Amino acid sequence: MILLYFLLCISLFLYEWNDLHKKNSKKMTYVKVFGLLTVTALYTGWVLFVDISFVPTPNQILNTLFQPVQQFLTLRW
Amino acid sequence: MSMRQLEQISQTQLMMTTFMYGFGSHGFIVTPLVKIGNYSSWFIMIIANLLAMLFIWAGASVTRKLPSQNLLEDGKLIVGKWVHYGVLLYMLYFFFHLGAFILRHFVDFLIQTYFPTTPEEVLLFFFIFVVVVAVRYGFESIARFAQLIFFLGVVMSLTIPVFLFKDIDFDMAIAFINRFEPLIIWEGVMYVIPWYADAIVFVLIMQMISEKAKTTKSIFIGSAFTTLIFFPFIITQVLMFGPHFTADMTIAGVELLRQISFANFIENIDPVYISLWLTAIFVKISVCLLVSSTLAAKLLQVKDYRRLLNALGLCFFGFSIHMSENYSETFEFLLEGWVGFAWTVILLPVLYWLVAKIRRIGGEKAKKSTGV
């Protein structure tokens, strides 16, 4: 699965490079697109292949933050 | 700017897309709605629909007053550059999360019901792949797809109560008109409003819509169609199972569909309805990803949102896996947390509208200040 994910990332990088090259994009656009792609590839790789059960999930964090808001709005405080 | 970026959808397409957008998420709220509202669920739904349109009206109204009629571009004229960018970042997270949340919830349901041996990642990946391709082709493609499915969606959904007519216990029907408790109705309305008002997403991409003056009307008609579909559905649900049993199911609608046994050749018809719901989920997620990409492109000052789409699609995949540990956590968030989160977002366009009113921004003054 790691190999498949690696191939997916490589193909996305090549696709973006080709796409930006065809459209004569500015250097700054290359930096932004590849910066974002690198960050998201690392994040997804981390989620897929590393044991992250010790990290709270986004929904757990949002639940802690917004459950009181919901209880307040629905008059259940 | 290429011709592809200038494509705009018509108001009819917007109305149909709004219907599909609402249809996608409403399948999940039958259980919470009946749990809160009991026999007054139908009334809560209608009131929530009407009130939610006020938020859409505020958003569309303030957007139309701006010089370029584009809230993303000119919202900074109302609240200032940095506050506006902060709001856009918050909305980006909200719609990105909403898309991933709906997808994760739906995939969890599919795995539990139809694909018990398929890994979750596989379904998520293929679904996201299709969504990314659709978003790359632009809003018009998504709207045309919604247009294609609209009539089938309306007609098929209205057949559900007809198929179940003979199994319904009509003795309970009187409770629908004599049980109204203000506190329950308040709680239900506050819970359901964000599920309609999340159509504020279309206000953020109003530059992709033609005849902008009719936007609120089209969104209202689209959402009214959603109510029209779910109104008989919820009543049938309560008459079939009763409010308490319905409130204990995770996705109550599916259990209702499984009861359909109209003739020997129409047994196990639920996959047909589920596949129709899947198309609505597809529209919902596509719109969420489209808006997230547009917002990301605006924040990073990249001209075409398509440049960031692959990166966001990959993040969407990771995020939808990471967002919850299991199905119960997703369901808990649906019941207890999402609505609070959504209220903080649907109030933002109202805030813009209020600030614009107080500062008397809009119309001629804004045009003069930007030299348009």
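FRET efficiency for A:Asp51 and B:Gln259, Cβ-Cβ distance as r, R0 = 51 Å, nearest 0.05?
Values: r = 42 Å, r/R0 = 0.83.
It comes to 0.75.
Please give me, ordered by residue number, the chymotrypsin sites (Phe, Trp or Tyr not before Pro) of the stretch B:250-310 that lie in loop per DSSP and have at most 16 other Cβ atoms within 10 Å.
Details: sites: B:Phe262, B:Phe265, B:Tyr273, B:Trp277, B:Phe282, B:Tyr305; in loops: B:Phe262, B:Phe265, B:Tyr305.
Loop-located and lightly packed - B:Phe262, B:Phe265.
Which residue fluctuates most in the GNM of chain B (Cα springs below 10 Å): B:Pro119, B:Pro67, B:Pro32?
B:Pro119
Per DSSP helix of 4 or more residues, -39500 (n - 2.57); summed, then divided by the residues of chain B. What does that give at 222 nm, rounded to the nearest 500? Don't skip to the answer; put the middle values down first.
Numbers: 19 runs with 289 residues, N = 372.
Result for chain B: -25500 deg cm²/dmol, rounded to the nearest 500.
Select from B:Ile281, B:Ile46, B:Ile269 the residue whose mean-square fluctuation is largest in a Gaussian network model of chain B (Cα-Cα springs shorter than 10 Å).
Result: B:Ile269 has the largest fluctuation of those listed.
Springs between alpha-carbon pairs under 10 angstrom, Gaussian network model over chain B: which of B:Gly80, B:Gly242, B:Gly138 fluctuates most?
For chain B, modelled as a Gaussian network with Cα springs under 10 Å, the answer is B:Gly80.
To one decimal place, what Kirkwood hydrodynamic radius in Å is obtained for the protein assembly as shown from all pairs of distinct Cα atoms? Let's see the in-between values first.
Working: mean 1/r = 0.0437 Å⁻¹.
Answer for the protein assembly as shown: a Kirkwood hydrodynamic radius of 22.9 Å.
Rounded, prolate or oblate: which fits the stretch B:265-319 when a ≥ b ≥ c are the square roots of the eigenvalues of the alpha-carbon gyration tensor, with rounded for a/c under 1.5 and prolate only if a/b beats b/c? Mind dumping the intermediate values first?
Numbers: a/c = 5.03, a/b = 3.29, b/c = 1.53.
It comes out prolate by the Cα gyration axes.
Any idea what % of Cα-Cα pairs in chain B are farther than 27 Å? Working shown, then result.
Working: 32786 of 69006 pairs.
In whole percent, the share of Cα-Cα pairs in chain B beyond 27 Å is 48.
Quick check on the stretch A:2-73: take the gyration tensor over C-alpha atoms, sort the square-rooted eigenvalues as a ≥ b ≥ c, and tell me if it's rounded (a/c under 1.5), prolate or oblate. Walk me through the numbers on the way to the answer.
Working: a/c = 4.25, a/b = 1.84, b/c = 2.31.
The shape class here is oblate.
Can you check how the C-alpha radius of gyration of the stretch B:10-126 compares to 2.2 N^0.38 Å, as a plain ratio? Could the numbers behind the result be given before it?
Numbers: Rg = 18.6 Å, N = 117, 2.2 N^0.38 = 13.4 Å.
Expressed relative to 2.2 N^0.38 Å, the Cα Rg reads 1.39.
Is the C-alpha gyration tensor of the stretch B:115-195 telling us rounded, prolate or oblate? Criteria: a/c under 1.5 is rounded; beyond that, a/b larger than b/c is prolate, otherwise oblate.
Details: a/c = 2.01, a/b = 1.83, b/c = 1.10.
In terms of gyration-tensor shape, prolate.
Give the calculated FRET efficiency between B:Ile46 and B:Glu140 to the nearest 0.05, with a Förster radius of 30 Å applied to their Cβ-Cβ distance.
Details: r = 32 Å, r/R0 = 1.06.
Calculated value: 0.40.
Scanning chain B for trypsin sites (Lys or Arg not before Pro) in DSSP loops with at most 15 other Cβ atoms within 10 Å, what's the longest stretch left with none? Spell out each step's value before the answer.
On the way: sites that count: B:Arg179, B:Lys303, B:Arg359, B:Arg360.
The answer is B:1-178.
If I take every Cα pair under 8 Å that is 6 or more residues apart in the stretch B:3-370, average their sequence separation and divide by the length, what percent do I get for the relative contact order?
Details: 459 pairs, mean separation 156.7, N = 368.
43 percent.
How much length is gained on full extension from B:Ala213 to B:Ser328, taking 0.36 nm per residue of separation minus their Cα-Cα distance? The partial results should precede the final answer.
Values: separation 115, 0.36 × 115 = 41.40 nm, distance 4.27 nm.
Extra length from B:Ala213 to B:Ser328 when fully extended: 37.1 nm.
Read the figures in this text as sums done on the coordinates, not as results from a lab. These numbers were taken from a predicted model, which means no experiment stands behind them. Ideal geometry is used to build each Cβ from the backbone, glycine not excepted, and the neighbour counts take in all protein chains shown.
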